[in-house]
1. Of the DSSP beta bridges with both residues in the chain, give the percent that are antiparallel, rounding to the nearest 5.
2. Would you grab the residues whose amide H sits under 5 Å from the one on Leu278? Only those 5+ places off in sequence or on another chain, please, with H modelled 1.01 Å from N.
3. Residue by residue, what Karplus-based ³J(HN,Hα) values in Hz, rounded to whole numbers, does region 129-138 have, using 6.51, -1.76 and 1.60 with θ = phi - 60° and x for Gly and Pro?
4. What is the pair-distance distribution P(r) of region 4-133, computed from all Cα-Cα distances in 10 Å bins starting at 0, with each bin given as a whole percent?
5. When the convex hull of the C-alpha atoms of region 285-399 is computed, what volume per residue in Å³ does it have?
6. Taking just the alpha-carbon atoms of the chain, what radius of gyration and Dmax come out, in angstrom?
7. Would you pull out the residues with amide H under 5 Å of Lys32's amide H, same chain only if 5 or more places away, H placed 1.01 Å from N?
8. Applying the Karplus parametrisation 6.51 cos²θ - 1.76 cosθ + 1.60 with θ = phi - 60° to the phi angles of region 219-230, what ³J(HN,Hα) value in whole Hz is obtained for each residue in order, glycine and proline being reported as x?
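Read-outs: derived from the displayed coordinates by stated rules, not from any lab. These numbers were taken from a predicted model, which means no experiment stands behind them. Positions of Cβ are backbone-derived with ideal geometry, glycine not excepted, and every protein chain shown enters the neighbour counts.
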Amino acid sequence: MPPLLHPEPGKDGVRRFELSMQAGRTQILAGKQTPTWGFNGTFLGPTLRAGRGDKVQMAVRNQLPEVSTVHWHGMRLPARMDGGPHQPIEPGTVWTPHWTIDQPAATSWYHPHPHGTTAQHVYRGLAGMFILDDDHDLDLPADYGVNDFPLILQDKKFAADGSFDGDPLKGTFGILGDHILVNGTYNPHLTVTTERVRFRVLNGSNARMYNLAFADKRRFHVIANDGGLLSTPVEVETFSLTPGERAEIIVAFAPGEQVVLRTTDNGVDIGKGDFDLLKLIAADDLKPAPDVPARLVPLAPISAPAGAKVRRFRLSGHDAINGKEMDMARIDEVVPAGAIEIWEIENNVYSHNFHIHEVAFQVLETGGSAPPAYATGYKDTVYVPSKSVVRLAVQFGGFTDPASPYMYHCHILRHEDSGMMGQFVIVKPGTESQVNLTIPTHT
Ligand code: C2O
Ligand code: CU
Ligand code: CU
């Protein structure tokens, strides 16, 4: 279980988090030492926790031998705090972004985002969960490590000496591993002690899609997407997550039983293979837990006004959007603050997905159909199946900065690093035409 970091606020009301990016060795396979990278340890990072209204300040120290960045995936914040490729942290230096959390309770995460080396840095182990709370009073399991567990899913390949194998920048998708780790652990098991348990599932893999279900096909409830809780729980037998996506689920257990969480081959290029992920063992005595609430949060639909701006993005090959590779000096899109727009993502080749920084969106349509009910909440990352168009209603925030861009990209890291990424700025409405579309590569 990743340790929880929830610092008390200082006299000035600011919660200060310290993260140090470091290299080390981790025993993942029995009797082998794997060279790994981590935050505040050798592999992965602590779970950060903060609440709506909190002022937070991060001190991110880079003790690695190369430049990196740390991006707060899912966080709504000013572009200069976002930790994308324009906020490099040189080795031996500390980066100190700060912002006020102002978004609904959600399961977010953090990971490096240096252009061209994100796939390698994440593959080596730099990733962690970032839990956001708010004051909606709901009877949901929320006791970290007791009835509320992170599940960070990542697939790896191992060489005979125990080191990570495979080149995350080779082939169509980079890494599609044959060993699936949960919170950095291979072949894990977890004893649960309550009748109902909440799992916050993060697909932190470079490319793999998971199609999650229990071996006994038990049904369970999806209660949240990337950007927060759904309006009502959705009962399912299975659900899918592509890289970068999160979901929260609630699962019921009977005393003394065992069940395995699995991913099953769905025939999709990035979802191949059947794997056992986590064995769950229910204690003989389970503490009672309240029913899953029938209603969760009043979720205001993101609805684009008539005549809303429509932007189209065509994903081609593994390295371009609208025929262009990522250029850190080029602003691709200029969006007025607070806009709701329709973004259409078209994919004529193999699987991709699409992530937009800073925003919340809802999926209107995927391949001509409505999204599955469990994926109708606020999201920031979405699967874009081969030969399909995905339509999104996107709500942009209000932090304006014409010179500091946010990213949108495929979250298959091999694609992101190869150039399937673009940059947008958010500006004061009415000033769109004044934006300088060429910027310095560091802002
Ligand atoms: Cu998870 Cu642009 O990132
Ligand atoms: Cu992001
Ligand atoms: Cu892609």
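1. Percentage antiparallel, nearest 5: 70.
2. Hits under the 5 Å cutoff: Leu261.
3. Each residue of region 129-138 in turn: 9, 9, 8, 10, 10, 9, 9, 4, 8, 10 Hz.
4. Using 10 Å bins, I get a P(r) of 13, 45, 31, 9, 1 for region 4-133.
5. 186 Å³
6. In Å, with Rg to one decimal and Dmax whole: 20.6, 66.
7. none
8. Karplus-based 3J(HN,Hα) across region 219-230 equals 8, 8, 10, 8, 10, 8, 9, 3, x, x, 5, 7 Hz.
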